[in-house]
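Each remark here refers to the structure printed beneath this line.
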Amino acid sequence: MDILSSRIILRPRDPAATLRFYRDVLGLATYREYPGGTVLFAGQSLIEIAAHGHDPCAGTFGGALWLQVRSLAETTRQLEERGATITREARTEPWGLIEMWTTDPDGTPIVLVEIPADHPLRRDQRPPASPAT
């Protein structure tokens, strides 16, 4: 199976409020719009806010969105200015990432992550190049 692209699809109770949150509060840029939905850029992924398919009996989303940012201090300031509620202040996790949490209007957890300069995720994981022959 070849995966050519992927995205996260959210089917919120109030699509307009959720779109405002992701576009205006988080500041995600629009990739494309279609009748009944908007797809937003989210780093190397896409988040689609769909105004169709909401199932009120589906329960809550069991996962979280993980979004890497350059600076959690700056991101926190921007989110607070835009009216977002920070559900957990930034802190360094045992695995070395600095994480801060918020939620969207439906309560979907959003983990905002800053990767410290000395963290292994910042290292080049490619094997060393073999010498030219």
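The values are calculated or read from the model by the stated rules, or taken from the named source; none is laboratory data. Fair warning: this is a prediction, and the values are worked out from it, not measured in the lab. Virtual Cβ from ideal backbone geometry, glycine too; neighbours counted across all protein chains shown. When the accessible area is computed, the model is the full protein with side chains, heavy atoms only, and any ligands, DNA or RNA have been set aside. Shrake-Rupley method; radii C 1.70, N 1.55, O 1.52, S 1.80 Å.
Among the residues of segment 1-22, the ones that are open to solvent by 90 Å² or more (accessible area, probe 1.4 Å) and in a helix (DSSP H, G or I) come to 1 in all. Here is the figure for segment 13-41: residues that are of a type in the set (A, V, I, L, M) and over 17 Å from the mean Cα position of the chain (by Cα) total 1.
When you go through 90, 50, 29 one by one, which is the residue that is under 16 Å from residue 9 (Cβ atoms) and either touching an Asp or Glu at 6+ places or on another chain (Cβ under 6 Å) or open to solvent by less than 60 Å² (accessible area, probe 1.4 Å) (or both)? Steps first, answer last, please.
On the way: 90 fails: under 16 Å from residue 9 (Cβ atoms); 29 fails: under 16 Å from residue 9 (Cβ atoms).
50 is the lone residue from the list that is under 16 Å from residue 9 (Cβ atoms) and either touching an Asp or Glu at 6+ places or on another chain (Cβ under 6 Å) or open to solvent by less than 60 Å² (accessible area, probe 1.4 Å) (or both).
Restricting to segment 32-47, and then to whatever is open to solvent by 60 Å² or more (accessible area, probe 1.4 Å) and farther than 30 Å from residue 122 by Cα, can you tell me which residue is modelled with the lowest pLDDT? Before you say what the answer is, go through the steps one by one.
Here is the first cut: in segment 32-47, the residues open to solvent by 60 Å² or more (accessible area, probe 1.4 Å) are 32-33, 35, 41, 43-44.
The next check asks that each one be farther than 30 Å from residue 122 by Cα; those that pass are 32-33, 35.
On the way: 32: 91, 33: 93, 35: 87.
The extreme case among them is 35.
Scanning segment 63-74 for residues that are open to solvent by 20 Å² or more (accessible area, probe 1.4 Å), out of contact with any helix residue (DSSP H, G or I) (no Cβ under 7 Å at 6 or more places or on another chain) and not in a strand (DSSP E or B) yields 63, 64, 70, 71, 73, 74.
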